[in-house]
Amino acid sequence: MSILSAIARNLLRQEMQSRKEKKQHRFAIHNHHVGVEVVCTGDWRERNAPNLDLQIISDRLGLCLSLFGYEGWQVQRSGGAKWLFRSQNGQLLENRQNVTLIRPEYWEQVGEKTVYRTTYRANYQNTPCIYLFSMVSFPKKGTCVWMMLNGVAKNVEEHGAVFDQLIEDLVCLDPDLEPEEQNNGLSLAERVGAALGLEYEILPPQTSDRELVRIWSMAARPGVQPLLLLPDECFLNAAPLPEYPQPGEAGWPDGAEFLKKRLEELKEGFDHSQEDQAVWQEIMAPDTSGQIVMESHKLFVHWEEVQKAGGLLLLKVPAAHPWDVFRRVPFGGFNACPDNLEQMAVCQYWHGSYGAAPILLGRDTLQFYLQKQPPEQRLYQLACEMFAFSEDLVFQGVETVGGLEPLLRGSNFWFFWWD
């Protein structure tokens, strides 16, 4: 059974070399002589997919080995290595039957790495199988490799021995899985600025939002739109953006119609029963309190993280209009977050309706600035549009559309996030 280990080790070395050379690495191998099929679909340039997706399947041995690699920002977004480990295991077992925990989750330190382990028995297509899960976390880089070995439940000890060997061979004793980055002494902020290929400045921590807004607004000039950016590694390997249409051209979405359609799609998820419809009515209830939430009257910047990254980036984007910053800065298209073109259409609509302009962008957050607040009679409509644009504001935040209205009264800032 060491053939699985040998093949996986060789392919992982090829994968790491491809990353160093900035090459896409996708292939499939079907070797009928040894009864092994190999599929590698990982791509370090795909924003949300695992940066390594390797599967080695052997019908002859009755085994399947899967490895997923995750970048630091993906691990952080999931809540950390332990939560990502549990999420991956849960997703795979979700459609299995007669799931039984054989060995509870545990972890161990191996040098500077952390190894998580657990074992399950479950039926797949009426066949009892053993699922051995492991995740190796590289704390220095924040990255993780999730692994699963599953097969027909004939010899648990034999499966366990193979998996132990794979963990040792592929990860724990393989320095190629942690290549040293050639940063040339540059901070993350400097590397992100260089990767985006835009004119930029690096700002130290500021004492007030007013000063940030002043710096941002003073950077605007004809043909240049400023944008504050929280440095993150997700911007380093972003794929080149396509040529997007201009407003009014074929393919340009209507921002208001886009938000209306998104709201209708959200509503469809609550049309299955009277109980669901009642819940939707509660979610869509307007605010009648007239209160104001003062916490919304500021920009949200985690200055500790900014300092670690080397400062806050002030991008000077060659663009004619505020919404055109998304022609040059990659953002969106992950989870329920609108993609770049949809971001532009919504920004154009809100800029025309409320004078809103994107001011601060993060890995999964977007903030707008308004020179004046929208009128009271427009707040509910605006809250509905915000819910359609970023459903997490309600589903994982204020719980009702009416709960957004107090955040908008008297505030010059809008905040959006996508989990």
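Less than 11 Å Cβ to Cβ from Gly72, Lys/Arg counted +1 and Asp/Glu -1: what total charge do the surrounding residues give? Charge balance in the 11 Å sphere: +1.
Taking the Cβ of Ser296 as the center, what net charge do the other residues with Cβ under 11 Å away carry, scoring Lys and Arg +1 and Asp and Glu -1?
Values: positive: Lys298, Arg409; negative: Glu295, Glu405.
Net charge in that neighbourhood comes out at 0.
Based on every Cα atom in the stretch 325-419, Rg and the maximum pairwise Cα distance Dmax equal 12.6, 35 Å. Each residue of the stretch 396-413 is assigned a 3J(HN,Hα), and the resulting list reads 10, x, 7, 6, 9, 4, x, x, 7, 4, x, 6, 9, 5, x, 9, 9, 10 Hz, derived from the Karplus form 6.51 cos²θ - 1.76 cosθ + 1.60 (θ = phi - 60°), x at Gly and Pro. When the Cα atoms of the stretch 270-325 are aligned to their principal axes, the ranges along those axes come out at 52, 29, 25 Å in descending order.
Couplings 3J(HN,Hα) of the stretch 380-392, computed from phi: 5, 4, 5, 4, 4, 5, 5, 4, 5, 6, 9, 5, 5 Hz, in residue order, whole Hz [Karplus 6.51 cos²θ - 1.76 cosθ + 1.60, θ = phi - 60°; x for Gly and Pro]. Taking amide hydrogens as placed 1.01 Å from N in the peptide plane, the amide H of Leu313 sits under 5 Å from those of Leu203, Leu229, each at least 5 positions away in sequence or on another chain. Highest-first packing order for the peptide set 359-369, 220-230 is 359-369, 220-230, based on the mean count of other beta carbon atoms within 10 Å. A simple rule links phi to the HN-Hα coupling: the Karplus curve 6.51 cos²θ - 1.76 cosθ + 1.60 with θ = phi - 60°, which for the stretch 327-343 gives 6, 10, 10, x, 6, x, x, 10, 6, 9, 6, x, 7, 4, 5, 5, 4 Hz, with x for Gly and Pro. Near Cys129, the amide H atoms lying under 5 Å from its own belong to Ala122, Asn123, Tyr124, Ala153; only residues 5 or more places off or on other chains count, and H is placed 1.01 Å from N. Taking only the C-alpha atoms of the stretch 357-399, the Rg (one decimal) and the largest Cα-Cα distance, Dmax (whole number), read 11.7, 33 Å.
I need the fraction of alpha carbon pairs in the stretch 101-156 separated by more than 19 Å, rounded to a whole percent. Mind showing how you got there, number by number?
Working: 571 of 1540 pairs.
So the pairs more than 19 Å apart make up 37 percent of the total in the stretch 101-156.
Packing around the peptides 286-299, 402-415, taken as the average count of other Cβ atoms within 10 Å per residue, puts them in this order, highest first: 402-415, 286-299. With K and R counted +1 and D and E -1, the other residues having a Cβ less than 10 Å from that of Val224 yield a net charge of +1.
Applying 0.36 nm per residue to the separation of Ser353 and Thr288 and subtracting their alpha-carbon distance, the gain on full extension is 21.1 nm.
Given their separation in residues at 0.36 nm each and the Cα-Cα distance between them, Asn126 and Gln97 gain 9.6 nm when the chain is fully extended. Remark: the Cα gyration tensor places the stretch 227-333 in the oblate category, a/c being 1.5 or greater and a/b not exceeding b/c.
If only the Cβ of Lys and Arg carry +1 and only the Cβ of Asp and Glu carry -1, the dipole of the stretch 212-293 around its Cα centre is close to 620 debye. Beyond 16 Å, how much of the Cα-Cα pair distribution for the stretch 182-223 remains, as a whole percent? Every Cα pair in the stretch 182-223 considered, those over 16 Å come to 51 percent. For Met284, the residues whose modelled amide H falls within less than 5 Å of its own, excluding neighbours fewer than 5 places apart on the same chain, are Val401. Using a simple spin-label model with pseudo-atoms 7 Å out from Cα toward Cβ, Glu305 and Arg378 lie 3.1 nm apart.
Every read-out reported here was derived from the displayed coordinates using simple, explicitly stated rules and does not represent laboratory data. This is a predicted model, so every value here is computed, not measured. Glycine gets a Cβ as well: all are built from the backbone with ideal geometry, and neighbour counts include every protein chain shown.
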